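Q: Below you'll find the structure I mean.
The values are calculated or read from the model by the stated rules, or taken from the named source; none is laboratory data. Computed from a predicted model, the values in this text were never measured in an experiment. All Cβ positions, even for glycine, are placed from backbone atoms using ideal geometry, and neighbour counts span all protein chains on display. Keep in mind that these areas ignore ligands, DNA and RNA; they rest on the heavy atoms of the full protein, side chains included. Shrake-Rupley method; radii C 1.70, N 1.55, O 1.52, S 1.80 Å.
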Amino acid sequence: MKHNIRNIIFDLGGVLIDWNPRYLYSQLFRTELAVDYFLERVTTFEWNEEQDAGRSIDEANQLLIGEFPEYTNEIKAYYGRWEEDMLGDAHSEVVHILHHFVNHPLYGVFALTNWSAETFPLALKKFEFLSWFEGILVSGEEGVKKPDPEIFHRMLSRFDLEARECIFIDDNLRNVEAATKFGIKGIHFKNSEQLIMQLKEKGLDI
C-alpha cells in the first residue's frame, strides 16, 4: 500500500517509559484509598502538568505545601524520590519497535513529550535509547505542553517536518486528537501488539 509517512513521533512516558506515582505512594500510605485521595486531591494530574509546562519544582512544592501542610513530607517526596521510586523501566517491546524504525532507511524518528525540564535529564541518563532520536521536544523546556496546538507547530518547525508525512503515537487520547486536528496522523497507544497492528494498517513497513 502506498503511503506518505516519513516520520514517526513517539510520546515517551506511558509509551516507551513506565512512570507511575503509585509506585512511590503505595509505599508511603497504608491503603490504596489513601493513595487515591492523595493523587486525586493533592498531587493531581493538573498540578503535575504545570511542571510539564515549565513551572519549577520548587514553586510547585511550595504551592501545595501552603495548601496541604499536613502532607509536607509526602509532597516533597513526589520529586525528591521521583527517579528511584516513580520512574519505572522501559517498555521493551516498544523500544524494539523504535529500534526497527531507527534503523529503517525510510523513516525519521522523533519524540514529543510532556515532561518537566528539571527531571528530563534524569531520564536521559537512565535510558540509552533516548539518544536514538533525531530530535526530542520537551514541553517543560518549551513552556507549552500537549495538547496545545502550539507545541505541534514547534515540533514541525523545529525539525523541518511536514504534518502530512508524520504519525504521532501517544497514550493520551486528547493529545492524539490534537495532533490529528493539526494534520498529523495519530495512534492512541494501548499496547505493543495494537501499535504494530495500527502501524501496519497505516501502511508503514514493520
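Q: What is the distance, in nm, between label points placed 7 Å from the Cα along the Cα-to-Cβ direction at residue 190 and at residue 4?
A: Calculated label separation equals 2.9 nm.
Q: Next question, about the same structure. Can you work out the accessible area per residue across the range 135-198, with the rest of the protein chains kept in place, probe 1.4 Å, in square angstrom? Walk me through the intermediate numbers first.
A: Values: 3030 Å² over 64 residues.
Each residue of the range 135-198 exposes 47 Å² on average to a 1.4 Å probe.
Q: Could you check how many percent of all C-alpha pairs in the range 116-206 are farther apart than 17 Å?
A: Working: 2358 of 4095 pairs.
Summing the P(r) tail past 17 Å for the range 116-206 gives 58 percent.
Q: Given a Förster distance of 41 angstrom, what is the FRET efficiency for residue 157 paired with residue 65, based on the Cβ-Cβ distance and rounded to 0.05?
A: For residue 157 and residue 65, the calculated efficiency is 0.60.
Q: While we're on this one: With every protein chain left in place, what is the accessible area per residue of the range 39-86 in square angstrom, probe 1.4 Å? All intermediate terms of the calculation are to be shown ahead of the outcome.
A: On the way: 2540 Å² over 48 residues.
It amounts to 53 Å² per residue over the range 39-86.
Q: What nm value, rounded to one decimal, do you get for the distance between residue 124 and residue 27 when each label is placed 7 Å out toward the C-beta?
A: 2.6 nm
Q: Tell me, what is the percent relative contact order of the range 1-142, built from C-alpha pairs under 8 Å that lie six or more residues apart? Walk me through the numbers before you get to the answer.
A: Working: 161 pairs, mean separation 53.3, N = 142.
Contact order relative to length: 38 percent.
Q: Can I ask one more? Where the centroid of each part is defined by its Cα atoms, how far is the range 27-69 from the range 84-125 in Å?
A: 25 Å
Q: Using modelled backbone amide H atoms (1.01 Å from N, in-plane), which distant-in-sequence or interchain residues come within less than 5 Å of residue 135's amide H?
A: Amide H to amide H, under 5 Å and 5 or more residues apart or across chains, residue 135 pairs with 111.
Q: Further, regarding this structure: For the range 52-185, max minus min Cα coordinate along each principal axis, in Å, sorted largest first?
A: 54, 30, 23
Q: Mind listing the phi-derived Karplus ³J(HN,Hα) values for the range 15-29, rounded to whole Hz, using 6.51, -1.76 and 1.60 with θ = phi - 60°, and x for any glycine or proline?
A: Using θ = phi - 60°, the values come out as 10, 9, 10, 7, 9, 7, x, 5, 4, 7, 6, 5, 7, 8, 10 Hz.
Q: Express as a percent, rounded to the nearest 5, the fraction of DSSP beta bridges in the range 1-154 (both residues included) that run antiparallel.
A: Values: 2 of 11 bridges.
Counting only bridges with both partners in the range 1-154, antiparallel ones make up about 20 percent.
Q: May I pose another question? Rounded, prolate or oblate for the range 1-59? Axes are the square roots of the Cα gyration tensor eigenvalues, ordered a ≥ b ≥ c, and the cut-off for rounded is a/c under 1.5. Walk me through the numbers on the way to the answer.
A: Working: a/c = 3.48, a/b = 1.98, b/c = 1.76.
Note, shape of the range 1-59 comes out prolate.
Q: Put a dot 7 Å past each Cα toward the Cβ at residue 18 and residue 41; how far apart are the dots in nm?
A: About 3.0 nm separates the two model spin labels.
Q: About the Cα centre of the range 1-133, what is the dipole size in debye to 20, counting +1 per Lys and Arg Cβ and -1 per Asp and Glu Cβ, all else neutral?
A: On the way: 10 positive and 21 negative charges, 120 e Å.
In total the dipole reaches around 580 debye.
Q: Now a separate question. Over the range 53-206, what is the mean sequence separation of C-alpha contacts under 8 Å (at least six apart), divided by residue count, expressed as relative contact order in percent? The partial results should precede the final answer.
A: Working: 159 pairs, mean separation 28.8, N = 154.
Reported as a whole number, the value is 19 percent.
Q: Give me the percent of accessible area attributable to carbon and sulfur for the range 33-154, probe 1.4 angstrom.
A: Using a 1.4 Å probe with all protein chains present, the range 33-154 comes out at 49 percent carbon and sulfur.
Q: Using Cα pairs under 8 angstrom and six or more residues apart, how large is the relative contact order of the range 6-81, in percent? Don't jump to the answer; show the numbers that get you there.
A: Working: 27 pairs, mean separation 18.8, N = 76.
Relative contact order comes out at 25 percent.
Q: Per-residue counts of other Cβ atoms within 10 Å, averaged by peptide: what ranking do you get for 159-169, 28-38, highest first?
A: Values: 159-169: 18.5, 28-38: 13.3.
Answer by packing, highest mean first, reads 159-169, 28-38.
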